Amino acid sequence: MPAFDFDRPIPRLGTHCAKWDSLAARFGAHAAGALPMWVADMEFAAPPAVTEALRAAVEHGVHGYYGDPSGYIAAIRGWMKRRHGWDVEPGWILTTAGIVNGVNLALQAYCRPGDGVILQQPIYHPFAPSVQANGCHVVGNLLAYEDGRYRMDLDALAKAVDARTRMLILCSPHNPCGRVWTREELTAIAEFCLERGILIVSDEIHHDLVFDGPHTVMASLSPEIAARTVTFTSSSKTFNLAGGHTGNAIISDPELRRLFHRQMERCGMLTGNRFGYLMAEAAYAEGDEWLDALLAYLRANRDMVDRFAAERLKGVRSVKLDATYLAWLDFSGTGMAEPEIVRRFEREAKVICNHGSSFGPGGAGFMRLNFACPRPMLEEALGRIESAFSDLQ
Ligand SMILES: Cc1ncc(COP(=O)(O)O)c(C=O)c1O
């Protein structure tokens with residue numbers, strides 16, 4: 001019996017679970033009996049230490065304001081040092097209500113209406129609306145896609161930026177392309193930004209979910225880069241705690257930190273979610289073994305999806321993921337337009353994935369499939385997809 005049982009199905013319907021309980025509202029009647037493989041949370045129970053921390057809180061029964069974050073801060077610092085070789089000072093860490101919240105605070109703290117913000121597309125879909133909601137515009141920079149692999153295109157970026165380009169929102173590792181950016185790639189984009197006075201917001205939320213790395217913390221590259229970088233990390237993706245909406249903004253530069261903190265004050269963010277802190281501390285302090293077991297399980301799921309696409313879906317390519325549990329399936333070789341691909345997924349296979357076009361330019365013709373689920377569920381989903389595309393055989 002393995003120490004952690006990721007094969008165990010855990011029913012989530014009726015638990016106020018966005019992934020399962022908003023299927024009908026989001027995807028319509030076709031969702032009945034569907035397998036949700038879209039939004040990025042996992043079908044697995046959190047590490048036992050997290051459940052124990054919550055159990056203790058529930059048994060205590062008083063759920064007032066949270067205070068004394070010293071254990072929580074120590075747990076984050078220990079994790080960053082152990083898993084990422086990064087020394088984080090206690091004072092650098094600010095707590096946000098998740099990373100989308102943090103990115104929006106960064107836009108408000110550092111940009112003025114009319115500024116340009118670089119997004120390397122296709123990219124995590126809430127970024128573009130966040131940029132626009134804060135009065136800025138997206139400076140789109142398509143990732144180059146060659147032989148099933150993505151790379152940054154700095155030549156095209158040089159042509160796209162201008163004097164009002166203020167910020168890069170970097171996704172590292174990248175969702176949905178699955179790339180772990182190398183040291184060289186990160187150094188090149190950082191130098192590009194530093195030369196032009198562009199601030200780097202480095203969303204590293206997927207940094208623990210790496211199969212082929214290593215992941216490099218952008219801010220660890222040099223003091224000069226750190227001074228122009230705001231880093232976001234979170235226990236939410238790593239340990240499946242997304243409902244806790246608690247993220248880390250790690251900012252070593254005092255002036256950047258002051259501006260960010262001022263924006264938090266303006267939003268009345270004086271204290272965070274008690275349960276988020278408790279879960280994050282327990283996970284970071286005691287979650288190593290669980291994460292190592294999870295990564296082995298996810299790697300096997302990733303390989304299963306890759307084999308499936310290569311052997312059983314003609315014209316479909318599963319982009320090789322260095323990181324994340326979000327398969328990025330390229331249907332362009334089938335010659336089908338997205339509405340037809342989506343129709344087959346949602347109406348025939350009844351497997352609900354994110355549509356490629358929702359990730360912006362470069363996304364159409366792809367489907368993003370979340371394989372962080374028990375293997376029998378993944379097998380069932382892949383079998384259904386195979387039947388829906390049986391004419392490709
Ligand atoms: C790159 C990236 N950033 C942020 C988030 C969401 O973070 P949060 O739920 O903490 O806002 C996700 C979730 O999938 C993500 O992929």
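The values are calculated or read from the model by the stated rules, or taken from the named source; none is laboratory data. This one's a predicted model, so the numbers in the text were calculated from it and none came from an experiment. Every residue, glycine as well, gets a Cβ built from its backbone with ideal geometry; the counts of neighbours run over all protein chains shown.
Scanning for something surrounded by 18 or more Cβ atoms within 10 Å (Cβ to Cβ), touching a residue at least 60 places away in the same chain (Cβ under 8 Å) and outside any strand (DSSP E or B), does segment 327-344 turn up at least one residue?
No: segment 327-344 contains no residue that is surrounded by 18 or more Cβ atoms within 10 Å (Cβ to Cβ), touching a residue at least 60 places away in the same chain (Cβ under 8 Å) and outside any strand (DSSP E or B).
Return the only residue of Phe359, Phe331, Phe345 being in contact with a helix residue (DSSP H, G or I) (Cβ under 6 Å, 6 or more places away or on another chain) and under 27 Å from Leu142 (Cβ atoms).
Details: Phe359 fails: in contact with a helix residue (DSSP H, G or I) (Cβ under 6 Å, 6 or more places away or on another chain); Phe345 fails: in contact with a helix residue (DSSP H, G or I) (Cβ under 6 Å, 6 or more places away or on another chain).
The match here is Phe331.
Show me the strands (runs of 3 or more DSSP E) found entirely inside segment 130-185 where at least 2 residues are closer than 17 Å to Ile200 by Cα and under 22 Å from the mean Cα position of the chain (by Cα).
Per the criteria, 137-142, 165-171.
Among the numbered conditions (1) exposed (fewer than 11 other Cβ atoms within 10 Å of the Cβ); (2) of a type in the set (A, V, I, L, M, F, W, C); (3) part of a helix (DSSP H, G or I); (4) in contact (Cβ under 8 Å) with a residue 40 or more places away in the chain, tell me where Ala3 comes up short.
Of (1) exposed (fewer than 11 other Cβ atoms within 10 Å of the Cβ); (2) of a type in the set (A, V, I, L, M, F, W, C); (3) part of a helix (DSSP H, G or I); (4) in contact (Cβ under 8 Å) with a residue 40 or more places away in the chain, only one is false for Ala3: (3).
Kindly establish whether Glu43 is touching a residue at least 24 places away in the same chain (Cβ under 8 Å), surrounded by fewer than 17 Cβ atoms within 10 Å (Cβ to Cβ) and either of a type outside the set (Phe, Trp, Tyr) or not in a loop (DSSP other than H, G, I, E, B) (or both).
no
Do you know which residues across segment 272-319 are hydroxyl-bearing (Ser, Thr, Tyr) and more than 24 Å from Asp5 (Cβ to Cβ)?
Tyr277, Ser318
Being in contact with a Ser or Thr (Cβ under 8 Å, 6 or more places away or on another chain), surrounded by fewer than 18 Cβ atoms within 10 Å (Cβ to Cβ) and either more than 24 Å from Arg266 (Cα to Cα) or of a type in the set (A, V, I, L, M, F, W, C) (or both) narrows it down to one of Gly85, Gly71, Gly61, so name that one.
Going through Gly85, Gly71, Gly61 in turn, the sole match is Gly85.
With the requirement that a residue be away from the ligand (no atom under 14 Å from the Cβ), in contact (Cβ under 8 Å) with a residue 40 or more places away in the chain and of a type in the set (Gly, Ala, Ser), what does segment 107-133 give you?
Across segment 107-133, the qualifying residues are Ala109, Gly114, Gly116.
Yes/no matrix, rows are residues, columns are (1) under 27 Å from Leu326 (Cβ atoms); (2) surrounded by fewer than 22 Cβ atoms within 10 Å (Cβ to Cβ):
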{"residue": "Ala75", "(1), (2)": "yes, yes"}
{"residue": "Glu89", "(1), (2)": "no, yes"}
{"residue": "Thr95", "(1), (2)": "yes, no"}
{"residue": "Val103", "(1), (2)": "yes, no"}
{"residue": "Leu107", "(1), (2)": "yes, no"}
{"residue": "Arg112", "(1), (2)": "no, yes"}
{"residue": "Pro122", "(1), (2)": "yes, no"}
{"residue": "Ala128", "(1), (2)": "yes, yes"}
{"residue": "Gly148", "(1), (2)": "yes, yes"}
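Among the residues of segment 262-283, is any among the hydrophobic types (A, V, I, L, M, F, W, C), loosely packed, with under 15 Cβ neighbours inside 10 Å, at pLDDT 95 or above and in the same structural domain as Glu224 (by TED's automatic domain parsing)?
Looking for residues that are among the hydrophobic types (A, V, I, L, M, F, W, C), loosely packed, with under 15 Cβ neighbours inside 10 Å, at pLDDT 95 or above and in the same structural domain as Glu224 (by TED's automatic domain parsing), one finds at least one in segment 262-283, hence yes.
Given the criterion modelled with pLDDT of 95 or more and within 16 Å of the ligand (Cβ to nearest atom), identify the matching residue among Cys171, Cys136.
Selected residue: Cys171, the only one of Cys171, Cys136 that is modelled with pLDDT of 95 or more and within 16 Å of the ligand (Cβ to nearest atom).
Tell me, which residue of segment 30-45 that is away from the ligand (no atom under 13 Å from the Cβ) and in contact with a Cys (Cβ under 7 Å, 6 or more places away or on another chain) is nearest to Phe4 (Cα to Cα)?
This residue is Glu43.
Would you be able to tell me the number of residues in segment 350-361 that are among the small types (Gly, Ala, Ser) and buried (at least 21 other Cβ atoms within 10 Å of the Cβ)?
1
Residues that are of a type in the set (Phe, Trp, Tyr), under 20 Å from Asp147 (Cβ atoms) and at pLDDT 95 or above: does segment 336-351 have at least one?
At the first step, the residues of segment 336-351 found to be of a type in the set (Phe, Trp, Tyr) are 345.
Among the residues that remain, those that are also under 20 Å from Asp147 (Cβ atoms) are: none.
The answer is no, given that none of the residues of segment 336-351 is of a type in the set (Phe, Trp, Tyr), under 20 Å from Asp147 (Cβ atoms) and at pLDDT 95 or above.
Would you confirm whether any residue within segment 96-106 is closer than 23 Å to Gly244 by Cα, within 14 Å of the ligand (Cβ to nearest atom) and assigned to a loop (DSSP other than H, G, I, E, B)? Show your work before the answer.
Looking only at segment 96-106, we keep the residues that are closer than 23 Å to Gly244 by Cα, and these are 96-106.
Now narrow it down to the ones that are within 14 Å of the ligand (Cβ to nearest atom): 96-106.
Remaining after also requiring assigned to a loop (DSSP other than H, G, I, E, B): 97-98.
Scanning segment 96-106 turns up at least one residue that is closer than 23 Å to Gly244 by Cα, within 14 Å of the ligand (Cβ to nearest atom) and assigned to a loop (DSSP other than H, G, I, E, B).
Restricting to segment 223-261, give me the number of residues that are part of a loop (DSSP other than H, G, I, E, B) and either of a type in the set (Ser, Thr, Tyr) or within 23 Å of Ala285 (Cα to Cα) (or both).
Going through segment 223-261 one residue at a time, the tally reaches 6.
Filter segment 238-268 down to the residues that are more than 19 Å from Arg77 (Cβ to Cβ) and within 14 Å of the ligand (Cβ to nearest atom) and list them by number.
Asn240, Ala242, Gly243, Gly244, His245
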